[in-house]
Amino acid sequence: MTIVDTHNTAAPAASGILALLVRPFVAIGRGLVQVGEAYYEASEASRRAEFLNNLSDEELARRGITRMDIPRIAFGMHTI
C-alpha cells in the first residue's frame, strides 16, 4: 500500500503572500469608494442649493425658510 501525502504546506505561505500583495489594492479601492461617496454627497448638496436658490422669496417663506437658511439646509445641517 502506498501512502500519498496530500497536505501541501506551500499553499498557506502562498495565500499569506497573496494577502500581503492584495492589501494595498483593497485599501486603494476603499479610498476610491470614499472619494466617490464624498463627490456624490457634494453634488447632491449643490443640487439642493441650486433648487432652493431658484425659488422665489414667497416660495421659500411657504417652506418656512429664508435665503440665509439655504446653505445650512442644502449642506445637510438641517432638514426641510
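Every number in this text was worked out from the coordinates using simple rules, so none of it is lab data. What you see is a predicted model; the values in this text were computed from it and never measured. Positions of Cβ are generated from backbone atoms using ideal geometry, with glycine treated the same way; all protein chains shown enter the neighbour counts.
Of note:
- Shown is the FRET efficiency for N54 and R30, computed with R0 = 35 Å from the Cβ-Cβ distance and rounded to the nearest 0.05: 0.45.
- At full extension, T66 and V22 could sit 10.7 nm farther apart than now, given 0.36 nm per residue minus the alpha carbon distance.
- Per-residue Cβ neighbour rank within 10 angstrom, fewest leading, D57, D69: D57, D69
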